[in-house]
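*Asks:* Mind looking over this structure? Questions follow.
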């Protein structure tokens with residue numbers, strides 16, 4: 001006696017479901033990949049540094065000037081995202097991590113690799129580069145406010161509380 005009609009139907013449905021399941025996994029992987037910036041520890045790039053597991057979000061700071069860094073993840077794995085200035089020289093760099101209140105700070109080292117970017121040189125008339133007196137006055141008025149905005153740091157909100 002061969003397979004029943006029911007068995008044949010279930011087998012066919014199972015075969016049809018495999019591509020959909022694979023597509024779902026690929027879509028989930030690509031959605032995760034879209035969340036993280038590509039790690040590129042070069043001038044002008046981003047360093048993604050693993051901070052390991054911790055019950056609470058650790059605080060990560062630049063070692064030179066104690067500027068807070070973005071730390072994302074959960075208790076299983078925290079990751080610090082470090083923007084590397086384009087003017088950075090290839091060398092060893094350090095961030096400082098504090099795991100909790102009263103905890104001892106530890107340093108985490110990473111290497112900035114050299115990178116040669118393609119260049120394009122343009123020659124344009126000075127009038128297209130220099131600001132007009134009106135635009136220069138506006139720049140001067142808004143500069144202090146813009147410096148204050150870019151120097152501020154706020155904690156990321158939880159998805160349930162973001163609005």
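The values are calculated or read from the model by the stated rules, or taken from the named source; none is laboratory data. If you're wondering where the values come from, they're calculated on a predicted model, not measured in any experiment. So basically every Cβ, Gly included, is an ideal-geometry build from the backbone, and we count neighbours across all protein chains shown.
*Asks:* Listed residues 59, 72; which is within 21 Å of residue 153 (Cβ to Cβ) and in contact with a helix residue (DSSP H, G or I) (Cβ under 9 Å, 6 or more places away or on another chain)?
*Replies:* After applying the criteria, what remains is 72.
*Asks:* Sticking with this one: Regarding the stretch 44-51, can at least one residue be identified that is modelled with pLDDT under 90 and either surrounded by fewer than 13 Cβ atoms within 10 Å (Cβ to Cβ) or under 16 Å from residue 103 (Cβ atoms) (or both)?
*Replies:* no
*Asks:* Could you list, in sequence order, the residues of the stretch 89-101 that are touching a residue at least 40 places away in the same chain (Cβ under 8 Å), under 18 Å from residue 66 (Cβ atoms) and surrounded by fewer than 16 Cβ atoms within 10 Å (Cβ to Cβ)?
*Replies:* Selection gives 98, 100.
*Asks:* What number of residues within the stretch 73-88 are in contact with a strand residue (DSSP E or B) (Cβ under 9 Å, 6 or more places away or on another chain) and surrounded by fewer than 16 Cβ atoms within 10 Å (Cβ to Cβ)?
*Replies:* 2
Residue-by-condition table, conditions (1) modelled with pLDDT of 90 or more; (2) surrounded by 10 or more Cβ atoms within 10 Å (Cβ to Cβ):
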| residue | (1), (2) |
| --- | --- |
| 113 | yes, yes |
| 120 | yes, no |
| 124 | no, no |
| 129 | no, no |
| 143 | yes, yes |
| 148 | no, no |
| 153 | no, no |
